[in-house]
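Undergrad: Take this structure first; my questions come after.
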Amino acid sequence: MNRLVRPLLGLFVVVVLFLLEAAFVSQLAFGQIGLGSSITATPAVPSLGNTAPGQTASAPRTPANSGGATRFSSASPGSLSGSLDLAPNRGNPNLTVALASTSQGGGALVLSPSVESFGYIVLGSSRSADITLSNIGTASVTVSGYTSTSSWFSLSGISFPLTLSPGQSTIFTVTATPQTASVVDAYIYFANDGSTPSLPLHVGAGGGAGTLVSADASVAFGTVIEGQNSALQETVSNTGKYPVVVSQVSVSGSGFSLTPVSVPFTLAVGESAVFSLGFAPTTNGTFSGALVLASNATNPAFSIPLAGTGVAPPGTLVLTPTVESFGYIVLGSSRSVNVTLSNAGATNVTVSGYTSTSPWFTISGITFPLTLAGGESVTFALTATPDAVTAVDGHIYLANNGVTPSLPLHVGAGGGAGTLVSSSGGLNFGTLVDGQTVTLQETISNTGKYPVTISKASVGGAGFGLAAMSLPVTIQAGQSALLGVTFAPVSAGSLGGALNLTSNATNSVFSIPLAGVGQAPSGTLSLSPTIESFGYVLIGSSRSADITMSNAGTAGVTVSGYTSTSAWFSLSGITVPFTLDPGQSLTFTVNVAPPSVSVVDAYIYFANSGTTPELPLHLGAGGKTPGSLDNSPQIYDFGNVTTGSTANTSATITASGPNVTISSASTTDPEFTITGLTLPLTLADGQSATFQLHFAPTASGATSALVSLLSNAGDSPTSFVVSGIGIAPNQHTVALSWNPSSSGVSGYNVYRGTQSGGPYSQINPVLEGGTFYSDATVQNGKTYYYTVTSVDESGSESIPSNEVKAVVPTS
């Protein structure tokens, strides 16, 4: 390999070791070489020629001199010279060869980096690196192409020919793709017209493949019953020096299976993979197959033999269910379920007996020994009988000559007793009248860890009873139940008893105290309302109110009569004597008729046989004389009123005497209305009220009506006579005229708006030929604004004229 020699103190020395075998030359000429480049010359060349500064010129070794080659590198412009000393060989004396070259300026290419090592790359994959090619010379350089000493290396991102100006660079990509398991040290040469015509890029890479080995030389499943599946695992490792990429994993052979794996996957050096294999023979006999891994390893089609033998199945017993949990069972009781035993095999199976891991669990309904043919079944009873407060998890094993000689039945149960408590500690019914019945509910809770079943409930004590319930009742642990108890006293006085519960709880006879008081029945009358205030009532008139009397007691009550402390009040709707049974009611009427101007506070007492012998009804009322309303004048004439409009006038009323309250106002004709009165309206003596009367005729002609005010005045109602004549409104028109246009026109357009300055709308349907227009579409009471434009023979319209205003009368 050529060796470049660095310049030293402006000069250069080239050392070449070789053996002289024949003739030699006295001078090597390198010619002209660009700065930063090198050239090689052989001893047959008479001179070294011109060499650029910083370049190296060399002479290759030939058979003539057997001494190798001499390289020259130029470092600065100008003519350079030197000598090559040749060591003596084969008896020849030291030889000196003169060196001469002339260096010159120009383009100079450099690579960064100039050496790229890709390291080891797994076969079948690639690795890339970016390289920068730069022109550091003083002239443009054209790269015509490249050559590589190895097919492992390729270029991308660069096109040829490529010209780089001074200072210009380009980046391209070098990709290494190993083809064998070896190491390659190579060069890529870039042909160019610069200082280094064959610019070298030193590249290196290694390619290799791992090696797959299995933990077992073969996988043997042994003997497997037809229809059953045997599962094994096999480990495959990479024992090579390079990663292995597994692209496919498959299994061959009837009956063999492979749990699917995701491919491709990579095994690093020393790494392993585990494969799950299955063997499920469908017939008798010996089976073979293979687990095959396709990869880029040295053994790319790695195969592991598989073997197994299928045998005919014996009888197979199956239990349904295979697990039975009885839950908690109260001590002293049992629980049973049915279990089915079936022969799912092809041959007979004989069951010789059973064993149980706990005496809690027994089997009945089956006799041993029992033989079941293929497909035959039998059902037996499995019973759990706990004998302690605990939980048992056990098995029953059925001994047989089938596939499972000791067929297991998983069983479990718990035994125990709960504890009953009451929410109140006792029920107190209070005081009840003889003959009445009250039901109260008691909450019974199970505070133990096991269910409690109440099998019997009874009540002791006179007057106490048990509400309807369905027994037995089971209360789960932590749960509650409601039990109803009745009390119907048959005598007066305090009574006591107990609710007795019989159960399988720890307190198997549980008692809850009962208490109540009996009372003799009695009647109790009440009034609604108990007080009735009639307010002031006009002398000579009356006012009434309804009163309800009820018996809220437990016995009938007879009302024998009643008395009143004032003659103002009387009763109707009631006849004495009368009797009200318990819960019965009677509604009657109280009337008041004041004979004088005063206020009376009085009572009516009802004599009765109940708990309130003199039942009082509190009454109050006042008498007053009626007031009057003065409505002078009493006649109002509105005269002529245009239909669609409204005429208004005011009217006044004045009260005299006691306060007068006006409750309503009405008219006999809807064309006449009243406003200004907020009803009801109360006027004191001498007080007046002013309101408005309105006439809004809807048709022409004379009409009249009566306006009435209803009040509590003695002369109510107070009336007014109103009249008026409806007349039709006048129809107005607006007449417009304007000066004729000074130029020839085809006609005029008339525009109208409702506000000054517009907007305006055209109102003439066709052009007006004259200089006047009559607008008959106006409305009474409205104001309008008009403008006029002229239109010539071509249809062009002039600007609007001045605006005029027209005010239409209201009638």
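Undergrad: Among the numbered criteria (1) over 30 Å from residue 643 (Cβ atoms); (2) in a loop (DSSP other than H, G, I, E, B), which one does residue 748 miss?
TA: Exception for residue 748: condition (2).
Undergrad: Here is a further query. Within region 748-763, take every residue that is under 18 Å from residue 807 (Cα atoms) and of a type in the set (S, T, N, Q) and give me the one that is surrounded by the most Cβ atoms within 10 Å (Cβ to Cβ).
TA: Keep residues of region 748-763 that are under 18 Å from residue 807 (Cα atoms), which gives 750-761, 763.
Next, from what is left, pick out any that are of a type in the set (S, T, N, Q): 754-756, 761.
Details: 754: 12, 755: 10, 756: 9, 761: 9.
Ranking the candidates gives 754 first.
Undergrad: Count, please, the residues in region 165-192 that happen to be open to solvent by 30 Å² or more (accessible area, probe 1.4 Å), under 19 Å from residue 112 (Cα atoms) and over 56 Å from the mean Cα position of the chain (by Cα).
TA: Final tally of qualifying residues: 9.
Undergrad: Output the residues belonging to region 325-362 that are open to solvent by less than 50 Å² (accessible area, probe 1.4 Å) and aromatic (Phe, Trp, Tyr).
TA: Passing the criteria: 326, 360, 361.
Undergrad: Continuing with this model, one more query. State yes or no: is residue 409 in contact (Cβ under 8 Å) with a residue 60 or more places away in the chain, closer than 30 Å to residue 496 by Cβ and in contact with a strand residue (DSSP E or B) (Cβ under 8 Å, 6 or more places away or on another chain)?
TA: Details: in contact (Cβ under 8 Å) with a residue 60 or more places away in the chain: yes; closer than 30 Å to residue 496 by Cβ: no; in contact with a strand residue (DSSP E or B) (Cβ under 8 Å, 6 or more places away or on another chain): yes.
Answer is no for this residue.
Undergrad: Can you tell me which residue is farthest from residue 734 (Cα to Cα) among those in region 764-793 that are part of a loop (DSSP other than H, G, I, E, B), open to solvent by 40 Å² or more (accessible area, probe 1.4 Å) and at pLDDT 90 or above? First the steps, then the outcome.
TA: Here is the first cut: in region 764-793, the ones part of a loop (DSSP other than H, G, I, E, B) are 764-767, 769-771, 776-782, 792-793.
Now narrow it down to the ones that are open to solvent by 40 Å² or more (accessible area, probe 1.4 Å): 765-767, 769, 771, 776-777, 779-782, 792-793.
Applying the additional criterion that residues be at pLDDT 90 or above yields 765-767, 771, 782, 792.
Working: 765: 17, 766: 18, 767: 18, 771: 14, 782: 11, 792: 26 Å.
Of everything passing the filter in region 764-793, 792 is farthest from residue 734 (Cα to Cα).
Undergrad: Can you pull out every residue in region 619-649 that is of a type in the set (Ser, Thr, Tyr) and open to solvent by less than 70 Å² (accessible area, probe 1.4 Å)? Show your work before the answer.
TA: If we filter region 619-649 for residues that are of a type in the set (Ser, Thr, Tyr), which is where we start, we get 625, 628, 632, 636, 642-643, 645-646, 649.
Correct list: 625, 628, 636, 642, 643, 645, 649.
Undergrad: Also, quick follow-up: Just to be sure I understand, how many residues within region 217-240 are open to solvent by 80 Å² or more (accessible area, probe 1.4 Å) and in contact with a strand residue (DSSP E or B) (Cβ under 6 Å, 6 or more places away or on another chain)?
TA: Total satisfying the criteria: 4.
Undergrad: Can you name every residue in region 297-320 that is part of a strand (DSSP E or B) and farther than 19 Å from residue 216 by Cα? Reasoning before the result, please.
TA: Residues of region 297-320 part of a strand (DSSP E or B): 301-311, 317-320.
Selection gives 310, 311, 317, 318, 319, 320.
A quick yes/no check of all residues on (1) open to solvent by less than 40 Å² (accessible area, probe 1.4 Å); (2) modelled with pLDDT of 95 or more; (3) under 30 Å from residue 624 (Cα atoms); (4) of a type outside the set (D, E, K, R):
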site	(1), (2), (3), (4)
514	yes, no, no, yes
541	no, no, yes, yes
550	yes, yes, no, yes
553	yes, no, no, yes
581	no, no, no, no
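Undergrad: Let me ask something else about it. Being open to solvent by less than 60 Å² (accessible area, probe 1.4 Å) and out of contact with any Pro (no Cβ under 9 Å at 6 or more places or on another chain) is the filter here; which residues of region 706-719 pass it?
TA: 707, 718, 719
Undergrad: Any residue in region 419-426 that is under 30 Å from residue 338 (Cβ atoms), open to solvent by 50 Å² or more (accessible area, probe 1.4 Å) and modelled with pLDDT of 85 or more? Give the steps one after another, and end with the answer.
TA: Looking only at region 419-426, we keep the residues that are under 30 Å from residue 338 (Cβ atoms), and these are none.
Checked region 419-426: no residue is under 30 Å from residue 338 (Cβ atoms), open to solvent by 50 Å² or more (accessible area, probe 1.4 Å) and modelled with pLDDT of 85 or more.
Listed here are the residues, each with its yes/no results for (1) touching a strand residue (DSSP E or B) at 6+ places or on another chain (Cβ under 6 Å); (2) farther than 19 Å from residue 530 by Cα; (3) among the polar types (S, T, N, Q).
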{"residue": "548", "(1), (2), (3)": "yes, no, yes"}
{"residue": "555", "(1), (2), (3)": "no, yes, no"}
{"residue": "561", "(1), (2), (3)": "yes, no, no"}
{"residue": "569", "(1), (2), (3)": "yes, no, no"}
{"residue": "578", "(1), (2), (3)": "yes, yes, no"}
{"residue": "586", "(1), (2), (3)": "yes, no, no"}
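Undergrad: If I ask for residues that are closer than 30 Å to residue 350 by Cα, over 49 Å from the mean Cα position of the chain (by Cα) and either charged (D, E, K, R) or open to solvent by less than 50 Å² (accessible area, probe 1.4 Å) (or both), which ones from region 286-324 would you list? Let's see the steps before the verdict.
TA: Within region 286-324, the subset closer than 30 Å to residue 350 by Cα is 286, 308-324.
When the remaining residues are screened for being over 49 Å from the mean Cα position of the chain (by Cα), the result is 286, 308-317.
Matches in region 286-324: 308, 309, 310, 311, 313, 314, 315, 316, 317.
Undergrad: Looking at this structure, is residue 467 at pLDDT below 90, of a type in the set (A, V, I, L, M, F, W, C) and either in contact with a Cys (Cβ under 7 Å, 6 or more places away or on another chain) or surrounded by fewer than 14 Cβ atoms within 10 Å (Cβ to Cβ) (or both)?
TA: no
Here's the yes/no breakdown for (1) within 30 Å of residue 521 (Cβ to Cβ); (2) among the small types (Gly, Ala, Ser); (3) in contact with a Cys (Cβ under 8 Å, 6 or more places away or on another chain):
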| position | (1), (2), (3) |
| --- | --- |
| 417 | no, yes, no |
| 429 | yes, no, no |
| 434 | yes, no, no |
| 444 | no, no, no |
| 448 | no, yes, no |
| 451 | no, no, no |
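Undergrad: Output the number of the condition that residue 616 fails; it satisfies all remaining conditions of (1) within 30 Å of residue 574 (Cα to Cα); (2) part of a loop (DSSP other than H, G, I, E, B); (3) of a type outside the set (Lys, Arg); (4) open to solvent by 40 Å² or more (accessible area, probe 1.4 Å).
TA: Among (1) within 30 Å of residue 574 (Cα to Cα); (2) part of a loop (DSSP other than H, G, I, E, B); (3) of a type outside the set (Lys, Arg); (4) open to solvent by 40 Å² or more (accessible area, probe 1.4 Å), the lone unmet condition for residue 616 is (2).
Okay, residues lined up against (1) more than 20 Å from residue 499 (Cβ to Cβ); (2) open to solvent by less than 50 Å² (accessible area, probe 1.4 Å); (3) without any contact (Cβ under 8 Å) to a residue 60 or more places away in the chain:
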site: 371; (1), (2), (3): yes, no, yes
site: 379; (1), (2), (3): yes, no, yes
site: 441; (1), (2), (3): no, no, yes
site: 448; (1), (2), (3): no, yes, yes
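Undergrad: Return the residues of region 506-530 that are free of Cβ contacts under 8 Å to residues at least 40 places away in the same chain and part of a loop (DSSP other than H, G, I, E, B); say none if nothing qualifies.
TA: Matches in region 506-530: 508, 529.
Undergrad: Tell me the strands (runs of 3 or more DSSP E) entirely within region 102-197 that contain at least 2 residues that are touching a residue at least 40 places away in the same chain (Cβ under 8 Å).
TA: On the way: elements: 109-112, 115-122, 127-135, 141-148, 153-156, 162-164, 169-176, 183-192.
Passing ranges, in order: 109-112, 115-122, 127-135, 141-148, 169-176, 183-192.
Undergrad: Any residue at all in region 686-703 that's under 17 Å from residue 637 (Cβ atoms), in contact (Cβ under 8 Å) with a residue 40 or more places away in the chain, open to solvent by less than 60 Å² (accessible area, probe 1.4 Å) and outside any strand (DSSP E or B)?
TA: Yes, region 686-703 has at least one match.
Undergrad: Now a separate question. Please go through region 651-672 and pick out each residue that is over 19 Å from residue 684 (Cβ atoms) and open to solvent by less than 70 Å² (accessible area, probe 1.4 Å). Quick ask: steps written out before the conclusion?
TA: We begin by selecting, within region 651-672, every residue over 19 Å from residue 684 (Cβ atoms); these are 651, 664-672.
Across region 651-672, the qualifying residues are 651, 664, 665, 666, 667, 669, 671, 672.
Undergrad: Also: Regarding residue 720, is this residue within 30 Å of residue 657 (Cβ to Cβ), among the aromatic types (Phe, Trp, Tyr) and touching a Phe, Trp or Tyr at 6+ places or on another chain (Cβ under 8 Å)? Break it down into steps so the answer makes sense when it comes.
TA: On the way: within 30 Å of residue 657 (Cβ to Cβ): yes; among the aromatic types (Phe, Trp, Tyr): yes; touching a Phe, Trp or Tyr at 6+ places or on another chain (Cβ under 8 Å): yes.
Criteria met by residue 720.
Undergrad: Consider residue 735 carefully, then state whether it is small (Gly, Ala, Ser), under 30 Å from residue 787 (Cα atoms) and open to solvent by 60 Å² or more (accessible area, probe 1.4 Å).
TA: Numbers: small (Gly, Ala, Ser): yes; under 30 Å from residue 787 (Cα atoms): yes; open to solvent by 60 Å² or more (accessible area, probe 1.4 Å): yes.
Yes, satisfied.
Undergrad: If you don't mind, there's one more thing I want to ask. Which condition number does residue 718 fail, the rest of (1) over 15 Å from residue 647 (Cβ atoms); (2) without any contact (Cβ under 8 Å) to a residue 60 or more places away in the chain being met?
TA: Against the list (1) over 15 Å from residue 647 (Cβ atoms); (2) without any contact (Cβ under 8 Å) to a residue 60 or more places away in the chain, residue 718 comes up short only on (2).
Undergrad: A further question follows. Residue 130 passes all but one of (1) at pLDDT 60 or above; (2) open to solvent by 50 Å² or more (accessible area, probe 1.4 Å); (3) under 21 Å from residue 198 (Cβ atoms); which number fails?
TA: Answer for residue 130: the failing condition is (3).
The values are calculated or read from the model by the stated rules, or taken from the named source; none is laboratory data. Every value quoted in this text rests on a predicted model; they were computed, and no experiment measured them. All Cβ positions, even for glycine, are placed from backbone atoms using ideal geometry, and neighbour counts span all protein chains on display. Protein only, heavy atoms only, side chains kept; ligands, DNA and RNA dropped before computing areas. Shrake-Rupley method; radii C 1.70, N 1.55, O 1.52, S 1.80 Å.
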